[in-house]
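Peer 1: Shown below is the structure under consideration.
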Amino acid sequence: MSTPKNGSPLERVRGFAREVAKFGAVGGLGVLVNLGVFNLIRNTTDLQVVRASVIATVVAIATNYLGFRYFAYRDRAQSGRTRELTLFAVFSAIGLVIENGVLYTATYGFGWDGPLASNVFKFVGIGTATVFRFWSYRTWVFKALPVTVAESAPEPEPVSAPKPTPQPAPEPANNRA
């Protein structure tokens with residue numbers, strides 16, 4: 001799934017489209033987990049909106065790491081797992097602040113605290129943070145493996161002239177006099 005750096009423009013677009021689709025599949029599951037946990041907490045506890053959202057986001061982050069590492073970015077470098085987890089946690093925390101900052105502003109800045117408004121702004125926050133997460137994860141956390149020369153530019157098959165088919169030798173003429 002690594003986006004080829006030296007391939008044709010069409011190959012690069014196709015690779016990027018596959019990456020976006022896999023990121024979207026994992027992210028879509030993460031959104032369902034995030035909104036599900038958020039609404040479960042909101043409806044069963046007395047926690048404040050943003051606190052419930054932070055808990056839901058942390059649960060979704062854990063789910064998403066597994067999906068990204070073992071599905072979306074499974075073909076990426078897997079050395080340095082400690083570095084990968086650290087960067088994932090840092091960029092996920094920044095995404096958490098972006099996501100919940102939108103909800104915080106809507107809830108406490110504008111007073112939009114109803115169930116519908118909370119879900120709408122939670123969703124808007126997720127969308128905003130997703131753009132940041134996609135860029136940071138693909139750039140820093142799950143780095144593409146270097147493309148080898150053989151992968152990047154396959155050599156074309158040499159075109160050779162058609163080989164002549166051997167002609168049968170003419171039979172010797174009978175020279176009887």
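Peer 1: What is the sum of charges around Val102, taking Lys and Arg as +1, Asp and Glu as -1, for the other residues whose C-beta is under 15 Å from the C-beta of Val102?
Peer 2: Values: positive: Lys122, Arg133; negative: Glu99, Asp113.
Summing Lys and Arg as +1 and Asp and Glu as -1 gives 0.
Peer 1: By how many nm would the segment from Phe71 to Leu32 lengthen if fully extended, with 0.36 nm per residue of separation less the alpha-carbon distance?
Peer 2: Numbers: separation 39, 0.36 × 39 = 14.04 nm, distance 1.74 nm.
Length gained between Phe71 and Leu32: 12.3 nm.
Peer 1: Quick one: with all protein chains in place, what share of the accessible area of region 1-124 is carbon or sulfur, to the nearest percent (1.4 Å probe)? Please list the in-between numbers first.
Peer 2: Details: 4730 of 6780 Å².
Ligands and nucleic acids excluded, carbon and sulfur give 70 percent.
Peer 1: Step through the residues of region 19-26 one at a time and calculate ³J(HN,Hα) from phi using the Karplus curve (6.51 cos²θ - 1.76 cosθ + 1.60, θ = phi - 60°), rounding each to whole Hz and writing x for Gly and Pro.
Peer 2: For region 19-26, the Karplus curve yields 5, 4, 5, 5, 4, x, 5, 5 Hz.
Peer 1: Could you give each residue of region 74-83 its phi-based ³J(HN,Hα) in whole Hz, using Karplus coefficients 6.51, -1.76, 1.60 with θ = phi - 60°, and x for Gly or Pro?
Peer 2: 5, 8, 8, 3, 10, 7, x, 4, 5, 4
Peer 1: Report the net charge of residues surrounding Ser136, where surrounding means a beta-carbon distance below 13 angstrom and charges are Lys +1, Arg +1, Asp -1, Glu -1.
Peer 2: Numbers: positive: Arg133, Arg138, Lys143; negative: Glu84.
Counting the neighbours of Ser136, the net charge comes to +2.
Peer 1: For region 34-143, with every protein chain kept in place, what is the accessible area per residue (1.4 Å probe, Å²)?
Peer 2: Averaged over the residues of region 34-143, the accessible area is 52 Å².
The values are calculated or read from the model by the stated rules, or taken from the named source; none is laboratory data. Values in this document were obtained by computation on a predicted structure and should not be read as measured data. Note that we place each Cβ from the backbone using ideal geometry, even for glycine, and neighbour counts take in every protein chain shown. Areas reflect the complete protein model, heavy atoms only, side chains present, ligands, DNA and RNA absent. Shrake-Rupley method; radii C 1.70, N 1.55, O 1.52, S 1.80 Å.
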